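Trainee: Submitted below is the structure of interest, expressed as structure tokens.
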Amino acid sequence: MPSSTDSVRIDLGERSYPIAIGAGLLATLARRADLPRGTAALIVTNTTVGPLYGAQLAQALAPHYPQVHTVTLPDGEEHKDWQTLNRVFDALLGHGCDRKVVLWALGGGVVGDMTGFAAACYMRGVPFVQVPTTLLAQVDSSVGGKTAINHPLGKNMVGAFHQPQLVVCDLATLASLPPRELAAGLAEVIKYGPIADMELFAWLEAHLDALLAREAGALAHAVRRSCEIKAAVVGADEREAGLRAILNFGHTFGHAIEAGMGYGAWLHGEGVAAGMVMAAELSLRLSLVDAAFVQRLRALIGRAGLPVRGPVLDAGDNAGRYLQLMRVDKKAEAGEIRFVLIDGPGRAVVRAAPDALVREVIDLCCAP
Ligand code: NAD
Ligand code: GLY
């Protein structure tokens, strides 16, 4: 079990910040000396996480801010939209918050992405802190400063880069996470293996049962190593001029699944899981990896309780529907879809692929 001083640093010059990782960090938060100062704190949470950890966070912040307010959003990916975002602005303005307010995101990736975007916009930018409470948010979404809301036509299409001041990953909060959400988070952990670290992948093969059983040491290692990899990638390419796109392995197919099924039907991590198998199959067809690697990836994803096949989005022309949705992707250039592919285990490449091959993969990988 790590101590509360375990920390990974995101190195971005004046926008650098620590990711604190440990069990019980919320309980000791009030004693931290590095909480950003402000005239008020606004905790942004949702109807599920607020009742679990909202009071604890508010209590920890009370000695640090003249005022601590809370806004509680509806829970769910389907609420990651303008209407719900506006409730954060309503709260900020309703409480008379000035530009020295600090936003505190308490929840999973949905709350984190929306809070970050609200912080990027309010009075042209105010500070915020991430307190991620899902595995997915601790290993990925709370780190790196991508913030966004969804548009009905495309996932995360409206947003901004805005780095938090601090990320607090309290592993104790993972105890209340539903098993399906834990598995969804594992998808983003597994992702780091094929794109960057096959040692981590082998460790996951050996320790998956411990992770599913939420053993503290295993969770701590998975969160720490994931954050280290993400920190290195974001430190090298904060605004995704190139390298950072590798973090989207599985996401091109996955985002199409999420949008095509209707936000919230498939969890983000589930879409990424099936999407990683599809991207690996595409890599195989482009002779970048062998069949044994694809099978190894499929096996680990399946063992994690995640889908290894995509859903049928259109009974008439399923592949056509996937292609249509995938063209609305931030990596697309002049309408050409660009995929994150595995160029030998542990290394990723971003490139286009012939539609015929993509169709072949979709036909192979989608459940009838
Ligand atoms: P989520 O935020 O919807 O949380 C999953 C569910 O778990 C929700 O119902 C939530 O209320 C509940 N929950 C959260 N913490 C809990 C806890 N400790 N105990 C019990 N229940 C808890 O989903 P997520 O998987 O955390 O995040 C997915 C989102 O993150 C997507 O919108 C995705 O686009 C985004 N994302 C962003 C980035 C980024 O870089 N910004 C990266 C990856 C994913
Ligand atoms: N999750 C993808 C990124 O942060 O770039």
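Trainee: From the list 187, 202, 160, which one is on the phi < 0 side of the Ramachandran plot, more than 10 Å from ligand 1 (Cβ to nearest atom) and either assigned to a helix (DSSP H, G or I) or hydroxyl-bearing (Ser, Thr, Tyr) (or both)?
Mentor: The match here is 202.
Trainee: Condition (residue is among the aliphatic types (A, V, I, L, M), in contact with a Lys or Arg (Cβ under 7 Å, 6 or more places away or on another chain) and surrounded by fewer than 18 Cβ atoms within 10 Å (Cβ to Cβ)) applied to region 339-346: is it met by at least one residue? Give the steps one after another, and end with the answer.
Mentor: Filtering region 339-346 down to residues among the aliphatic types (A, V, I, L, M) leaves 340-342.
Narrowing the set further to residues that are in contact with a Lys or Arg (Cβ under 7 Å, 6 or more places away or on another chain) leaves 341.
From the residues that got through so far, the ones that are surrounded by fewer than 18 Cβ atoms within 10 Å (Cβ to Cβ) too are none.
Taking every residue of region 339-346 in turn, none turns out to be among the aliphatic types (A, V, I, L, M), in contact with a Lys or Arg (Cβ under 7 Å, 6 or more places away or on another chain) and surrounded by fewer than 18 Cβ atoms within 10 Å (Cβ to Cβ).
Trainee: Moving on to the next point. If you take the residues of region 313-335 that are in a loop (DSSP other than H, G, I, E, B) and of a type in the set (A, V, I, L, M, F, W, C), which of them is surrounded by the most Cβ atoms within 10 Å (Cβ to Cβ)?
Mentor: The selected residue is 313.
Trainee: State which residue is nearest to the chain's Cα centre (by Cα) when the search covers only region 285-312 and only residues that are of a type in the set (Gly, Ala, Ser) and either surrounded by fewer than 16 Cβ atoms within 10 Å (Cβ to Cβ) or on the phi < 0 side of the Ramachandran plot (or both).
Mentor: First pass over region 285-312, keeping only residues of a type in the set (Gly, Ala, Ser): 287, 291-292, 299, 302, 304-305, 310.
If we keep only those that are either surrounded by fewer than 16 Cβ atoms within 10 Å (Cβ to Cβ) or on the phi < 0 side of the Ramachandran plot (or both) as well, we get 287, 291-292, 299, 302, 304, 310.
Details: 287: 29, 291: 28, 292: 28, 299: 22, 302: 20, 304: 17, 310: 20 Å.
Out of the qualifying residues, it is 304.
Trainee: So, residue 45, is that one of a type in the set (S, T, N, Q), surrounded by 15 or more Cβ atoms within 10 Å (Cβ to Cβ) and at pLDDT 95 or above or not?
Mentor: When the stated conditions are applied, residue 45 passes them.
Trainee: Run down 147, 134 and say which single residue is within 22 Å of residue 250 (Cα to Cα) and free of Cβ contacts under 8 Å to residues at least 40 places away in the same chain. Before you say what the answer is, go through the steps one by one.
Mentor: Values: 134 fails: free of Cβ contacts under 8 Å to residues at least 40 places away in the same chain.
Answer to the selection: 147.
Trainee: Restricting to region 124-148, name every residue that is away from ligand 2 (no atom under 13 Å from the Cβ) and surrounded by fewer than 24 Cβ atoms within 10 Å (Cβ to Cβ).
Mentor: Passing the criteria: 124, 125, 126, 127.
Trainee: Consider region 65-119. How many of its residues are in contact (Cβ under 8 Å) with a residue 40 or more places away in the chain, of a type in the set (A, V, I, L, M, F, W, C) and part of a helix (DSSP H, G or I)?
Mentor: The total comes to 11.
Trainee: From the list 280, 291, which residue is touching a strand residue (DSSP E or B) at 6+ places or on another chain (Cβ under 7 Å) and under 25 Å from residue 198 (Cα atoms)?
Mentor: Checking each option against the conditions leaves just 280.
Conditions (1) exposed (fewer than 15 other Cβ atoms within 10 Å of the Cβ); (2) assigned to a helix (DSSP H, G or I); (3) in contact (Cβ under 8 Å) with a residue 12 or more places away in the chain; (4) not hydroxyl-bearing (Ser, Thr, Tyr), marked per residue:
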residue: 19; (1), (2), (3), (4): no, no, yes, yes
residue: 27; (1), (2), (3), (4): yes, yes, yes, yes
residue: 54; (1), (2), (3), (4): no, yes, yes, yes
residue: 63; (1), (2), (3), (4): yes, no, yes, yes
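The values are calculated or read from the model by the stated rules, or taken from the named source; none is laboratory data. Note that the coordinates shown come from a computational prediction; the quantities given were computed from them, not determined experimentally. Quick reminder, even Gly has a Cβ in these numbers, built from the backbone with ideal geometry, and neighbours come from all protein chains shown.
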